[in-house]
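Each remark here refers to the structure printed beneath this line.
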Amino acid sequence: MSTIEAMAAAAKESTATRRVMRVMDPKAGDLKVAWDPENTDETDHARKTFDDMRAKGFVAYAVDRKGKKSEVVSAFDPEAEALILTPPVRGG
């Protein structure tokens with residue numbers, strides 16, 4: 001199962017109003033953050049996590065609940081169905 005498929009499966013498990021963000025961090029492990037866009041505290045926590053990871057160079061993708069229509073995003077969108085953040089690619 002691909003990362004996007006796994007993300008879609010997790011998103012389907014959530015209710016229609018809840019959103020989910022997955023952070024694929026090789027050091028800290030896989031982190032899942034869920035929020036309700038109508039809950040200010042949850043949305044603020046998700047936004048802070050998103051901003052912190054972007055500041056570390058992580059790349060963010062917005063996907064729908066089916067794991068399709070992925071696009072790179074640079075700003076947190078509390079209405080996004082699902083977000084995936086991946087670590088920066090480093091040359092060797």
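At a glance:
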| item | result |
| --- | --- |
| Residue count, the stretch 15-35 (criterion: in contact (Cβ under 8 Å) with a residue 24 or more places away in the chain and open to solvent by 80 Å² or more (accessible area, probe 1.4 Å)) | 1 |
| The stretch 66-77 residues that are under 19 Å from ALA46 (Cα atoms) and open to solvent by less than 60 Å² (accessible area, probe 1.4 Å), paired with ones that are in a loop (DSSP other than H, G, I, E, B) and of a type in the set (Gly, Ala, Ser) (beta carbon under 9 Å, 6 or more apart) | VAL73/ALA80 |
| Subset of the stretch 48-65 (residues that are open to solvent by 30 Å² or more (accessible area, probe 1.4 Å) and closer than 25 Å to ARG90 by Cα) | LYS48, ASP51, ASP52, ARG54, ALA55, LYS56, GLY57, VAL59, TYR61 |
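The rows are residues; the columns are (1) in contact with a Pro (Cβ under 9 Å, 6 or more places away or on another chain); (2) among the basic types (Lys, Arg); (3) modelled with pLDDT of 95 or more.
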site	(1), (2), (3)
GLU13	no, no, no
ALA16	no, no, no
MET24	yes, no, no
ALA28	no, no, no
ARG47	yes, yes, yes
PHE50	no, no, yes
ALA60	no, no, yes
ARG65	no, yes, no
GLU71	no, no, no
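The values are calculated or read from the model by the stated rules, or taken from the named source; none is laboratory data. Bear in mind that the values here come from a model prediction, so they are computed numbers and not experimental data. All Cβ positions, glycine included, derive from the backbone under ideal geometry; neighbour counts span all protein chains shown. Surface areas here come from the heavy atoms of the whole protein model, side chains and all, with no ligands, DNA or RNA. Shrake-Rupley method; radii C 1.70, N 1.55, O 1.52, S 1.80 Å.
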